[in-house]
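*Asks:* Sharing a structure with you now.
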Amino acid sequence: MAADVRGRFVTVEGIDGAGKSTHLGAIASHLGRHGAEVVLTREPGGTPLAEAVRELVLHRAMDAMTEALLVFAARRDHLRTCIEPALARGAIVLCDRFTDATFAYQGWGRGVDAEMLEALERAVQASRQPDLTLWFDLPADEAAARRAAARQADRFEAEDATFFHRVRQGYAARADASPGRFERIDATGTPEQVRIRAFDALERRGW
Ligand code: TMP
């Protein structure tokens, strides 16, 4: 991407265990290589209030609609106090998960009505959408094997492979609906192979 292109919003998505977080630092460095400010943030989270909501959503028992309302509440605060001001001053915002995760996890994973999620999306974001979404795609059983070797599971990571299969289908549906925004990255193989594919995807998009 040319040095003078600023004020862009990039999100990174994938089921738990797909390995996206491993690559965030390298992607952030790449996006900022011409001197642009890069704001690396995450959802749920990214502000003190939204990080408090994250703790609840990841660790307290609740029903699916409560989960959806809480992630959108956190998103509202995150947009208002972090993402929109950063974009307005010309920064590149790199966000680890955003609304595609809500459609995938709460919608496809938990069965929350898509129309309700769309209404919340409109209310919370107005027309704000990412400029680019990197979707690290891995079959649910491979992701489960990777998660088994990882840290103590939260409420989502403790779900079984059928849940993550549905979440993956949710991401595929979102990618099909917005092909101009989504780049699917094959997340099988070694971290180095995945990193190369991610950088190829950025290059294809002119970043
Ligand atoms: P992370 O482990 O990638 O930081 O993500 C935290 C968890 O939150 C992950 O399991 C996915 C879940 N999540 C949702 O269920 N809905 C959402 O809208 C977001 C942003 C995350």
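The values are calculated or read from the model by the stated rules, or taken from the named source; none is laboratory data. Please read these numbers as outputs of a predicted model, since none were measured by experiment. Backbone-built Cβ (ideal geometry, glycine too); neighbour counts: all protein chains shown. Heavy atoms of the whole protein, side chains included, go into the accessibility calculation; ligands, DNA and RNA do not. Shrake-Rupley method; radii C 1.70, N 1.55, O 1.52, S 1.80 Å.
*Asks:* Across region 70-85, what is the number of residues that are near the ligand (Cβ under 10 Å from one of its atoms) and under 15 Å from SER127 (Cβ atoms)?
*Replies:* 1
*Asks:* Residues that are within 15 Å of ALA187 (Cα to Cα): which helices (runs of 4 or more DSSP H) entirely in region 99-177 hold 1 or more of them?
*Replies:* Because the criterion is at least 1 residues that are within 15 Å of ALA187 (Cα to Cα), the helices (runs of 4 or more DSSP H) in region 99-177 that meet it are 140-148, 161-177.
*Asks:* So for region 88-109 (the condition being of a type in the set (Val, Ile, Thr) and touching a residue at least 60 places away in the same chain (Cβ under 8 Å)), does at least one residue qualify?
*Replies:* yes
*Asks:* Here is a further query. Looking at ALA144, ALA161, ALA114, ALA148, which is the one that is over 25 Å from ILE27 (Cα atoms), more than 12 Å from the ligand (Cβ to nearest atom), at pLDDT below 95 and in contact with a helix residue (DSSP H, G or I) (Cβ under 6 Å, 6 or more places away or on another chain)?
*Replies:* ALA161
*Asks:* Tell me which of these ARG33 doesn't satisfy, since it passes every other one: (1) over 19 Å from ALA158 (Cβ atoms); (2) of a type in the set (Lys, Arg); (3) open to solvent by less than 70 Å² (accessible area, probe 1.4 Å); (4) free of Cβ contacts under 8 Å to residues at least 40 places away in the same chain.
*Replies:* (3)
*Asks:* Further question: Which is in contact with a helix residue (DSSP H, G or I) (Cβ under 8 Å, 6 or more places away or on another chain), among the small types (Gly, Ala, Ser) and open to solvent by 30 Å² or more (accessible area, probe 1.4 Å), of ALA104, ALA61, ALA26?
*Replies:* Criteria check complete, one pass: ALA26.
*Asks:* Considering only residues of region 33-64 that are farther than 23 Å from GLN129 by Cβ and in a helix (DSSP H, G or I), which is nearest to the ligand (Cβ to nearest atom)?
*Replies:* Ranking the candidates gives LEU58 first.
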